[in-house]
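Data first, discussion second: the structure below is written as structure tokens.
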Amino acid sequence: MVMIFISILVWGFLHTLLASQKVKDRARQVLGPTGNRFYRLGYNVFAAISFLPVLALTALTPDHRLYLVPLPWSVLMVAGQVLAAGMLVVGLMQTDPWEFAGLRQLGDYKEASQLTTRGLYRVVRHPLYSAGMVIIWLLPLMTLNVLVFNLALSGYIVVGAIFEERKLRREFGQKYAEYAVFTPMFIPFLKWNKKKDPTS
């Protein structure tokens, strides 16, 4: 159980480190144009492959069932997961899924700074993270290992979102600050989930 938590912390640290601007700039210095073209794709592939041992550890560690939600409530929970998966797809489509995957960068494409505030991004600032949280927490079957996995991953999502917010504020400045005032971070329509208006 402790190893599951530690493995997610290590994965999250590496994931955040490789997403940092300093590491990206260093890769571009060392690799030149190749670094620009392949970094995002390589980052995604590494993140996916390095997450497999975390999943394996969670599955193979001796476990204990905490609860199993009965019918019909379990069906409603699965339906919620399906809707959240749909949110993931819609959120990606409202930005640029090919750029997100790192495939568009393989050509002569240059990253354009554009703040997405339409669609799901009008409701929350991080719809992909929100959808991911819904998916992992609406599992009808909860075990001790899954609980630890969910808690650690949720913590990483929150920390990752904070780092991403800093990056977006550097990139878009006042435009992002104004957007954040009126748009919740994760949960729609909740006042505490918004930034305080700096002018009030």
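Readers should treat all values here as calculations from the given coordinates under stated rules, not as data from a laboratory. Remember, predicted model here, so these are calculated numbers, not experimental data. Ideal geometry is used to build each Cβ from the backbone, glycine not excepted, and the neighbour counts take in all protein chains shown.
Tell me what the chain gives for mean residue ellipticity at 222 nm when only DSSP H runs of n ≥ 4 count, each as -39,500 (n - 2.57), the sum divided by the residue total, rounded to 500 deg cm²/dmol.
Computed ellipticity for the chain at 222 nm equals -22000 deg cm²/dmol.
Per residue Cα convex hull volume for the chain, in cubic angstrom?
138
Which of the peptides 139-151, 118-130 is most tightly packed, and how do the rest follow, judged by the mean count of other Cβ atoms within 10 Å per residue?
Most protected by this proxy first, the peptides run 118-130, 139-151.
Assign one of three labels to region 19-101, namely rounded, prolate or oblate, based on the Cα gyration tensor with a ≥ b ≥ c the square roots of its eigenvalues; rounded applies when a/c is under 1.5, prolate when it is not and a/b is larger than b/c, and oblate otherwise.
oblate
Give the shape of region 57-150 as rounded, prolate or oblate, defined through the alpha-carbon gyration tensor: a ≥ b ≥ c are the square roots of its eigenvalues, a/c under 1.5 means rounded, and otherwise the shape is prolate if a/b is larger than b/c and oblate if not.
Prolate is the answer for region 57-150, as a/c is 1.5 or above and a/b outweighs b/c.
Give the relative contact order (percent, whole number) for region 16-141; include only Cα pairs under 8 Å separated by 6+ residues.
Relative CO of region 16-141 lands at 35 percent.
Can you tell me which of Ala19, Ala48, Ala177 moves the most in a GNM of the chain? Springs connect C-alpha atoms under 10 Å apart.
Ala48
If Rh is defined by the Kirkwood formula over all Cα pairs and Rg also comes from Cα, what ratio Rg/Rh do you get for region 98-186?
1.05
What do you get for Rg/Rh of region 18-59 when both radii come from the Cα atoms and Rh is the Kirkwood radius?
Rg divided by Rh gives 1.14.
Of Leu17, Leu168, Leu60, which is the most mobile in a GNM of the chain whose springs link Cα atoms less than 10 angstrom apart?
Taking springs between Cα atoms under 10 Å, the residue moving most is Leu60.
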